[in-house]
Amino acid sequence: FPSHDIEGMPTRISRIKLGNVDKEQAAEFRRAINLKVGEPFTRTALEKSINSLNEYFISNQYPDSKVDETNLNFNETKSRVEIEFVLKVGKKYQFVFNGNSLFPSDVIRQWITPDVLGQSDPIRYIQQLILERYKAAGYHFCEVSWTAEKNNAGKVQIYKFAIDEGSRVVIDSLIVNGASEIGVSRFKKLFFEHG
């Protein structure tokens, strides 16, 4: 910073703080902030950092977390500003899958997108999502249940999904009635054996 303030110069960022988090979490979340000390301050850049933090929370399985408020402390001449992001940090989610053989666990984890975690009840939404994917693959009697537990001094919420795949339903034979106009054989070609 220059030793004296020059009128008409942009306001520069003198400090960035993260409130309501410990040092370990602050170091983790700081990576999502686009603002840098010494750079000119703009409201657009501030909003971008707030959005980036909120997106980071969802992407890294902190669905109950958000930027609660932002405090701006300007010096007398408005040439410098200290920014404080006050965070509301919930538990981090971790997912464990048991009983799944059709879809590997890493594939199921790919289904858990930020949009899924952003649902009002993400765990039940994930449960339904797993059921839908299995049913689409022919496992119509699949059942999915889940349990929850805490770990790492209560900071991590672990959800264990038990997947009972059941039997796959396949088409054994196809009987067609009333398809005279398009022909039974043509109609059957829409299906395939053991599909």
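Values computed for the structure shown
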item: Some residue of the stretch 21-34 being more than 27 Å from Thr113 (Cα to Cα) and open to solvent by less than 60 Å² (accessible area, probe 1.4 Å); result: no
item: Residues (in contact with an Asp or Glu (Cβ under 9 Å, 6 or more places away or on another chain), aliphatic (A, V, I, L, M) and surrounded by 14 or more Cβ atoms within 10 Å (Cβ to Cβ)) located in the stretch 49-87; result: Ile58, Val86, Leu87
item: Candidate set from the stretch 117-133 (those that are surrounded by 15 or more Cβ atoms within 10 Å (Cβ to Cβ) and modelled with pLDDT under 95); member that is nearest to the chain's Cα centre (by Cα); result: Leu117
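The values are calculated or read from the model by the stated rules, or taken from the named source; none is laboratory data. Bear in mind the structure is a predicted one, so any value in this text is a computation, not a measurement. Neighbour counts are summed over all protein chains in view; Cβ atoms, including those assigned to glycine, are modelled from backbone coordinates with ideal geometry. Heads up: the accessible areas ignore ligands, DNA and RNA and are worked out on the full protein's heavy atoms, side chains in. Shrake-Rupley method; radii C 1.70, N 1.55, O 1.52, S 1.80 Å.
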